[in-house]
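What follows is a short report on a single structure.
The values are calculated or read from the model by the stated rules, or taken from the named source; none is laboratory data. It should be emphasised that the depicted structure is a prediction, and the values quoted were computed from it without experimental measurement. Cβ placement follows ideal geometry from the backbone for every residue including glycine, while neighbour counts extend to all protein chains displayed.
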Amino acid sequence: MSLSVYYGRAMDAVPDEELIEADQKCARMLSGLACKIVNPAASRPRNVAHEAYEIAARDLELLKKSDIFLVDLSRPDYRYVGCVFEMAHAHIYKVPIIAIVGNTDFSERIFIHAYADFIAGTMREAVEYIERVYTEHGQEKQMRVMHEYFDSIASRHRTIVQDNLVGNRLRGKDELHQLIQKYVSGSILEIGSGSGYWTEQLCNFSNDVVGIELSSPMLKQAIKLLGEREGLKLIHTNFFSDKHLFSKTGNARKHYDCIIVFFFLSLLPRQLQQQAMHRLSKLTKSGGLLLVADSGQVEHETFAGIGRKKLQNRKNLNEEFIIYKEHFNTRALADTISIENFNVIDESQSNSQYPWFVARRLK
């Protein structure tokens, strides 16, 4: 099924030949992704003021039905009144917004940062982002490169985490430790246990802890750190194709009192974030808790980067992977799991270093 991309850009007072050239460029660059371009200008009458409401209503209906809103704001000294209204509606419709800002100051505007899922400098960057985030082969590439990256830093991962939490994020460290102390008990499942930093803390509150990790080098570091502990089980597996947690029919093999998801979901494309939340809901006991926390600001290299992170000068890692910070939103995820029979009972303040929420599965 092809993606439907609504293409917004400067139109009023722009010469027809320039509009046509922009349309053709967009079509060429998206052609390899098998996208359907929704072009509101294609059949729109120009300079017909008495039809303004009907034109706007028609355009917004097209936008509402689209998968992505690609908006080009790169023309210097242009007001973009229509595009701003379309961005507001796209946010209401929950249509992802990808903004191209060029050399304008739009990259510094608060509302662009708040509501755009990705801010690109050029059309090429925007198209690359669409490919990586919204196409199946792009997501596979993203996960593969990300997997290689975390394998490469496994030996120093714990130090990186400690540097972040202890050195530069003492307040955040205290906040998450207090979160664990307040809510964690009973059987615990940790998703993305990494080198074992949080796993070690969890073992202080339960003798029934399961940690799952995709990276073999990371898991080895965790085993080296934690050794053999009664009630602790570390599993090398892919959460999305796991046979340890789910049966062939997709049912949970075990339900947990508490599931911990720290610094994991923002590494996933939007579709996989939602899929992860659905799977997590299946694993949580009735009345059980789900603790989700992630990075709210740019941090050290493990979780660093707004949009894209280059992996140059690393052996066998000359590609890029995307950190999905710009559209990772704990509030949106909390809204998502409300339909999974969860109720959010606690959440971080807006200025928290590490946005988090706690949700209880309803009985």
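Go through region 203-224 residue by residue and tally those that are buried (at least 22 other Cβ atoms within 10 Å of the Cβ), out of contact with any Asp or Glu (no Cβ under 6 Å at 6 or more places or on another chain) and closer than 20 Å to L179 by Cβ.
2
Looking at this structure, is A114 crowded, with 20+ Cβ neighbours inside 10 Å and either farther than 28 Å from G194 by Cα or modelled with pLDDT under 90 (or both)?
Spelling it out, it is not the case that A114 is crowded, with 20+ Cβ neighbours inside 10 Å and either farther than 28 Å from G194 by Cα or modelled with pLDDT under 90 (or both).
Having 1 or more residues that are at pLDDT 90 or above and under 30 Å from Q349 (Cα atoms) is the bar; report the strands (runs of 3 or more DSSP E) wholly within region 223-305 that clear it.
On the way: elements: 232-236, 256-262, 284-293.
Here the list reads 256-262, 284-293.
Mind counting the residues in region 117-134 that are in a loop (DSSP other than H, G, I, E, B) and surrounded by fewer than 21 Cβ atoms within 10 Å (Cβ to Cβ)?
Of the residues in region 117-134, 2 are in a loop (DSSP other than H, G, I, E, B) and surrounded by fewer than 21 Cβ atoms within 10 Å (Cβ to Cβ).
Residue check: is A13 in contact (Cβ under 8 Å) with a residue 24 or more places away in the chain and surrounded by fewer than 17 Cβ atoms within 10 Å (Cβ to Cβ)?
So A13 fails the test.
Taking the condition of being part of a loop (DSSP other than H, G, I, E, B) and within 26 Å of the chain's Cα centre (by Cα), how many residues in region 188-222 meet it? Show your work before the answer.
To start, the set of residues in region 188-222 that are part of a loop (DSSP other than H, G, I, E, B) comprises 192-196, 203-208, 214-215.
Checking which are within 26 Å of the chain's Cα centre (by Cα) leaves us with 192-196, 214-215.
Number satisfying all stated conditions: 7.
Take the conditions surrounded by 15 or more Cβ atoms within 10 Å (Cβ to Cβ), in contact with a helix residue (DSSP H, G or I) (Cβ under 9 Å, 6 or more places away or on another chain) and outside the structural domain of K36 (by TED's automatic domain parsing) and apply them to H91. Does it pass?
No.
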